[in-house]
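Structure, as structure tokens:
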Amino acid sequence: MAKSGYDLIVIGSGMGALSLASIMARARRWRVLVLERHHAIGGYTHTFKRQRSFQWDVGLHYVGQLGKGEDGRLLFDYITDGALEWNKMPDPFDVFSYPDFSFREREGAANFKTDLIAMFPDENKAISQYFKDIKRAGAWNMTRVMAGVLPGAAGRAAKGVSLADRGFALTTTKEYTERNFKDPKLRALLLSQWGDYGLTPSECPFVMHALVVSHFMDGGYYPAGGSGRIADCVRPIVEDAGGRFITRCDVQEIIVRNGKAAGVKARIKKGKEIEEREFFAPVIASNAGEYNTFTRLLPGEYADRHWSDPRDNGHFMSTACVYIGLKQSPEKLGLRGENYWFYGSYDHDANYWKNDVLNGKPLCAMVTFPSMKDPDAEGHTADVLTFAPYACFKQWEDAPWRKRAPEYYEAKEKMADALLDFVESRMPGFKDLIAFREASTPLTNVHFCGHPQGGIYGMPATPARLRRQPVNARTPVKNLYLTGADAFMCGILPAAMGGVIAAGNIMGPLGFLGVMARMGLDSMKR
């Protein structure tokens, strides 16, 4: 153990950091130091309030695979020691709205398939094959995971098996749908959840689409009390083992000695003062993302050795959002808490790249209702999100938070007006319920979380990246690991699994299997 008394330092406090810190505290009684640049822990799982009663999540809007006995529930029960409760969303849970049709997705693969065939009877055969292909892609991903986490011959065997279906799994989602479906409406409908991929359909591998569709096939869940409850439940577990969380702590550098990660240099903000500190531990894990870790936190030589051609990495997808406080329950509009996805066309690549929100021409929006998913919410709230290219906001990136040019704040309000008008056109009466609103942009994400281009999903899971990078949290720097989405895939549950993968790598060759066994045993005790 290092002189600091910590066994592990984790940079950032997002979902992957919380997962890793809790696992190491519970399984090994490690003292974990978690350093967070924001004033609140949780990363994209934290919540914030306005006017006392209005509360919103900044990143978690719904999570799948949390039914009793499912892997997601086992993981969250373990890292929170069973303290976190989940509320089931209504059925249907997602509604996809286009200019000339809409579709309400019901829970269950059988219902989803039946409803698709009822709407597109001429595509019956292709739809049936699609559900088989979803399972096939999921099976390929499992062999990919096993190739990364199993030691020796077992891992090599899994890698060999994964090669057989790699071309199929890594074809783009757009290519798959154009090759297999004739009706452009059906193609658009099947891709309606592309906002959950972190990539547009022309960039996203079919396996990523398959995993997202499967993830939500049996409906969505929402943490009771909001996503901030995840950190609330993990914190005492970490602290009980001797760990600590420090907020307003911006890590500047990972200290490397003799090729090994040994500690970090950080700046801690205390009022108007900045304190320079160094912390040391025998193991360091970064939840700051692969890009930040290798281009900002490590010496340049490590970026040269590890960082790949940026052209292989795609772009970092971000969001702009309008957080809304409501005068009364959305039930007045006949809503039950389901999510709404509104699109301006069948072309989802255009819905992203041509989404001109700053000039009053939005093409996509997701509307979700935090207060309807949480019976204990104090006030009625809604989020209106849109996926917008960072280039729209780049002109203001060099100015500090809250001190940007007046044109930026005018643009934010114009964007909010356009998004609300877009939603009103599909959900009449929505604007009449608004009591409060506040807008954010990708620059907001950059300021609070530090991810490039305001990205919310980590490194883009492009076909090139999945082909090149195995599933593991190890880095070329000894004793330095990644956690979160960049150790696995984007999304709340995959980011939490990134913590499992990191913990497994830290614990040794059979560490991953050991963590999974602990989760199973923990579940049997409940």
Nearest 5 is fine: what % of DSSP beta bridges in region 3-76 come out antiparallel, could you say? 50 percent
For the chain, build the charge dipole from Cβ charges (+1 Lys, Arg; -1 Asp, Glu) around the Cα centre, then report which of 430, 42, 134 sits farthest towards its positive end. 42
Rounded, prolate or oblate: which one fits region 49-114, using the alpha carbon gyration tensor with axes a ≥ b ≥ c (rounded when a/c is under 1.5, else prolate when a/b beats b/c, else oblate)? oblate
Ordering 399-412, 460-473 by per-residue average of other C-beta atoms within 10 angstrom, highest first, gives 460-473, 399-412
Over all directions, what mean area does the Cα convex hull of region 172-260 project, stated in square nanometres? 11.0 nm²
As a footprinting exposure proxy, order 149, 256 by other Cβ within 10 Å, with the fewest listed first. 256, 149
If you take the square roots of the eigenvalues of the alpha-carbon gyration tensor of region 1-154 and sort them as a ≥ b ≥ c, do you get rounded (a/c under 1.5), prolate (a/b over b/c) or oblate? oblate
Volume per residue (Å³) of the convex hull spanned by the alpha carbons of the chain is 146 Å³
By the gyration tensor of its Cα atoms, with a ≥ b ≥ c the square roots of the eigenvalues, what is the shape of region 428-518: rounded for a/c under 1.5, prolate for a/b over b/c, or oblate? prolate
Charged-residue dipole, Cβ positions (Lys, Arg, Asp, Glu), region 77-145 about Cα centre, Debye nearest 20: 420 debye
In the chain, what percentage of the DSSP-assigned beta bridges are antiparallel, given to the nearest 5? 75 percent
Taking the Cα centre of the chain as origin, sum charge times position over the Cβ atoms of Lys and Arg (+1) and Asp and Glu (-1), and report the length of that vector in debye to the nearest 20. 1460 debye
Between 75, 30, 108, whose Cα lies farthest towards the positive end of the dipole of region 1-144 when Lys and Arg beta carbons carry +1 and Asp and Glu beta carbons carry -1, centred on the Cα centre? 30
Only Lys, Arg (+1) and Asp, Glu (-1) charged, at Cβ; region 317-452 dipole about Cα centre in debye: 140 debye
Taking alpha-carbon centroids only, region 250-296 lies from region 77-136 a number of Å equal to 42 Å
Run the Debye formula on the Cα coordinates of region 310-449, all scatterers equal and no solvent, and tell me log10 I(q)/I(0) at q = 0.12 1/Å. -0.51
Euclidean distance of C-alpha centroids, region 403-482 and region 331-386, integer Å: 14 Å
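Every read-out reported here was derived from the displayed coordinates using simple, explicitly stated rules and does not represent laboratory data. Bear in mind the structure is a predicted one, so any value in this text is a computation, not a measurement. Because the Cβ atoms are built from the backbone with ideal geometry, glycine has one as well, and the counts that use them run over all protein chains shown.
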